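Input: a single structure, listed below in structure tokens.
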Amino acid sequence: MNNNLIAGKTKEEWMELFPIMTRIISTKEVFWKSNSYLPFEKAMKEITLKEEDVREAEERLKRFAPYIAKVFPETKELDGIIESPLIRINNMQASLGKIFNQSIDGDLLLKCDNMLPVSGSIKARGGIYEVLKYAEDLLIENNMLSLEDDYSKIESQAFKDFFSTYTVIVGSTGNLGLSIGIISAKLGFNVTVHMSSEAKTWKKKMLQDIGVTVVEHEADYGKAVESGREQEKLDEKSYFVDDENSIDLFLGYAVAAYRMKKQLEELSIVIDEDNPLFVYLPCGVGGGPGGVAFGLKLIFKDHVHCFFAEPTHSPCMLIGLLTGEHDNISVQDFGIDNITIADGLAVGRPSGFVGKILNNLISGCYTVSDNHLYSLLSVIKDSEGISLEPSASAGIYGPGLLMQAENGRKYLEKQGLVNKMNNAIHVAWATGGSMVPKEIMDEDYKNGKKLIKD
Ligand SMILES: *Cc1c(COP(=O)(O)O)cnc(C)c1O
């Protein structure tokens, strides 16, 4: 019987082939450096997506900016561009040094997507972008809009009536549902969000309050996505946002890199051969962190080093990249339960599309225990006054591990970076937080405080 085979091999064979698998399966924290990492130009030869594709997404978001500024007044200050601050977090850097008993060389910054307007998480990038693109395509097809128009006219009732005959569908662990739900409802679409079991009650409630149909599933994220895909087949005038395979989502996320380049310049930070950039990205299915990493590689090429962060109980991108099996395998195949406090990262099977694009561009992955996610959340609150959701604190752990873990040090040696670390720029991507109700945030904070004391 072949029932126990995982992509053609037994668990024991996988462990023999990749010794780090033993630690991954026992849900211990790991730092993995990729053996497939290649110089940028070489890696790009295998990739069909190009810089022009990201530029096109950026232009589309600019076209929609007058509309966004009008319907989401909180974006007025940035003229309808949905963007978050990039800030130095020196106190957190010192605290992280204490946690790891290891100095964190260079400068630590936080990319505050926890403060992104409209939906308070990184999903406000890709999710909103994809719905806007769908809306634009529909309007152009129906001769209701041309690219030169002032898009703020889309706010009028005639457009809402038009969109109300279409349905947008998505499967989500919570935050993507929020982002797709909010923008789709604003435009006037019908929206159905299929929520997986870990989705928080307040996220479902918030959507129901704005008229979104929420379908609750007992099963995990993969099943919720599957149900969305099925629903799309039943209705010709429906559109399914496919978190596992969507190029549009990916490109929407990638635009972040151009925005961050400008922010680094404003902070007078130079990235070059002697001043390396390290970016730590919390990863669920992979679209968000993958898109951002792709954009950053297009800009900074070999001078940026991107690492994905996952919960110890949901290391799906790690096992996908490590084994080269991508979406062919899941954490459940290895007996890992995919149960974590980090709801935004609770994904058991990675996007194959993203894993294959990033295969030669990503420097590595690491995992973080739920207890450490809680304690980081309370430490950054105390040291910087910043409130994050548990998923978002995974990125902050990275600089400590890179400096301390054996594989981290090996990576720095292999890339010739050891002597450049005093000039290093570390950017932890804080992927969400501002939508979390205060009571829940306080509870998470207290949990973290307690764990530090124990
Ligand atoms: C969705 C999400 C991520 C990861 O994005 P993926 O595209 O699923 O990899 C990280 N953090 C938060 C808070 C999220 O909601």
Exercise. Only residues that are in a helix (DSSP H, G or I), surrounded by 15 or more Cβ atoms within 10 Å (Cβ to Cβ) and without any contact (Cβ under 8 Å) to a residue 40 or more places away in the chain: list them for region 69-92, please.
Key: 78
Practice problem: List every residue pair whose Cβ atoms sit under 6 Å apart, with the two residues 6 or more apart in sequence or on different chains, where the first one lies in region 307-334 and is farther than 14 Å from residue 31 by Cβ and outside the structural domain of residue 428 (by TED's automatic domain parsing) and the second, anywhere, is at pLDDT 95 or above and surrounded by 24 or more Cβ atoms within 10 Å (Cβ to Cβ). | Solution: none
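Considering region 43-70 alone, what residues qualify as being touching a Ser or Thr at 6+ places or on another chain (Cβ under 6 Å) and among the hydroxyl-bearing types (Ser, Thr, Tyr)?
Within region 43-70, the subset touching a Ser or Thr at 6+ places or on another chain (Cβ under 6 Å) is 66-70.
Matches in region 43-70: 67 only.
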Quiz item: In this structure, is residue 373 in contact (Cβ under 8 Å) with a residue 24 or more places away in the chain, within 14 Å of the ligand (Cβ to nearest atom) and either in a helix (DSSP H, G or I) or assigned by TED's automatic domain parsing to the domain that holds residue 225 (or both)?
Solution: yes
Practice problem: Identify the residue in region 337-362 that is aliphatic (A, V, I, L, M), touching a Phe, Trp or Tyr at 6+ places or on another chain (Cβ under 9 Å) and in a helix (DSSP H, G or I) and, among all such residues, is farthest from the ligand (Cβ to nearest atom). | Solution: 357
Quiz item: Which of (1) under 30 Å from residue 219 (Cβ atoms); (2) more than 16 Å from the ligand (Cβ to nearest atom) is the odd one out, the single condition residue 300 does not satisfy?
Solution: (1)
Quiz prompt | Odd one out for residue 221, checked against (1) modelled with pLDDT of 90 or more; (2) within 19 Å of residue 126 (Cα to Cα) | solution = (1)
Practice problem: Restricting attention to region 387-404, report how many residues are buried (at least 23 other Cβ atoms within 10 Å of the Cβ), within 24 Å of residue 199 (Cβ to Cβ) and either among the small types (Gly, Ala, Ser) or more than 14 Å from the ligand (Cβ to nearest atom) (or both). | Solution: 5
Quiz item: Name the residues in region 20-57 that are farther than 29 Å from residue 340 by Cα and among the acidic types (Asp, Glu), would you?
Solution: 41, 46, 51, 52, 53, 56
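Working carefully through the options 95, 121, 146, find the one that is within 14 Å of the ligand (Cβ to nearest atom) and either in contact with a Ser or Thr (Cβ under 7 Å, 6 or more places away or on another chain) or assigned by TED's automatic domain parsing to the domain that holds residue 229 (or both). If you could, list the steps in order and put the result at the bottom.
Details: 95 fails: within 14 Å of the ligand (Cβ to nearest atom); 146 fails: within 14 Å of the ligand (Cβ to nearest atom).
Only one candidate passes the filter, namely 121.
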Practice problem: Please identify the pairs in which a residue from region 3-18 that is under 21 Å from residue 36 (Cα atoms) has its Cβ atom under 8 Å from the Cβ atom of a residue that is assigned to a loop (DSSP other than H, G, I, E, B), counting only partners at least 6 apart or on another chain. | Solution: 7/325; 7/329
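Between 310, 266, which is among the charged types (D, E, K, R) and either crowded, with 18+ Cβ neighbours inside 10 Å or within 16 Å of the ligand (Cβ to nearest atom) (or both)?
The unique qualifying residue is 310.
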Quiz item: Across region 165-185, what is the total count of residues that are surrounded by fewer than 21 Cβ atoms within 10 Å (Cβ to Cβ), out of contact with any Phe, Trp or Tyr (no Cβ under 7 Å at 6 or more places or on another chain) and not β-branched (Val, Ile, Thr)?
Solution: 1
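What residue, among those in region 106-149 that are of a type in the set (A, V, I, L, M) and either touching a Cys at 6+ places or on another chain (Cβ under 9 Å) or without any contact (Cβ under 8 Å) to a residue 60 or more places away in the chain (or both), is surrounded by the fewest Cβ atoms within 10 Å (Cβ to Cβ)?
The initial filter retains those residues of region 106-149 that are of a type in the set (A, V, I, L, M), namely 108-110, 115-116, 118, 122, 124, 128, 131-132, 135, 138-140, 144-145, 147.
Imposing the further condition that a residue be either touching a Cys at 6+ places or on another chain (Cβ under 9 Å) or without any contact (Cβ under 8 Å) to a residue 60 or more places away in the chain (or both) reduces the set to 124, 135, 138-140, 144-145.
On the way: 124: 27, 135: 26, 138: 20, 139: 18, 140: 12, 144: 14, 145: 19.
Here the answer is 140.
Hey, can you tell me all the residues within region 270-290 that are surrounded by 17 or more Cβ atoms within 10 Å (Cβ to Cβ) and more than 16 Å from the ligand (Cβ to nearest atom)? Break it down into steps so the answer makes sense when it comes.
First, the residues of region 270-290 that are surrounded by 17 or more Cβ atoms within 10 Å (Cβ to Cβ): 271, 276-290.
Listed by number, the residues that qualify are 271, 276, 277, 278.
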Quiz item: Checking residue 349 against (1) surrounded by fewer than 24 Cβ atoms within 10 Å (Cβ to Cβ); (2) in contact with an Asp or Glu (Cβ under 6 Å, 6 or more places away or on another chain), which single condition isn't satisfied?
Solution: (1)
Quiz item: Within the set of pairs 6+ apart or on separate chains, which have a first residue in region 203-216 that is at positive phi, a second that is aliphatic (A, V, I, L, M), and C-beta atoms under 7 Å apart?
Solution: 211/185
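Quick check on residue 427: is it at pLDDT below 95 and not in a helix (DSSP H, G or I)? Break it down stepwise before answering.
Numbers: at pLDDT below 95: no; not in a helix (DSSP H, G or I): yes.
No; evaluated as a whole, the condition is false for this residue.
Suppose the filter is within 16 Å of the ligand (Cβ to nearest atom) and touching a strand residue (DSSP E or B) at 6+ places or on another chain (Cβ under 7 Å); does residue 84 pass it?
In short, yes.
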Practice problem: Tell me, yes or no, whether region 227-245 has at least one residue that is among the charged types (D, E, K, R), within 16 Å of the ligand (Cβ to nearest atom) and without any contact (Cβ under 8 Å) to a residue 40 or more places away in the chain. | Solution: yes
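The values are calculated or read from the model by the stated rules, or taken from the named source; none is laboratory data. Owing to the predicted nature of the structure, the values given are computational and were not obtained by experimental measurement. Every residue, glycine as well, gets a Cβ built from its backbone with ideal geometry; the counts of neighbours run over all protein chains shown.
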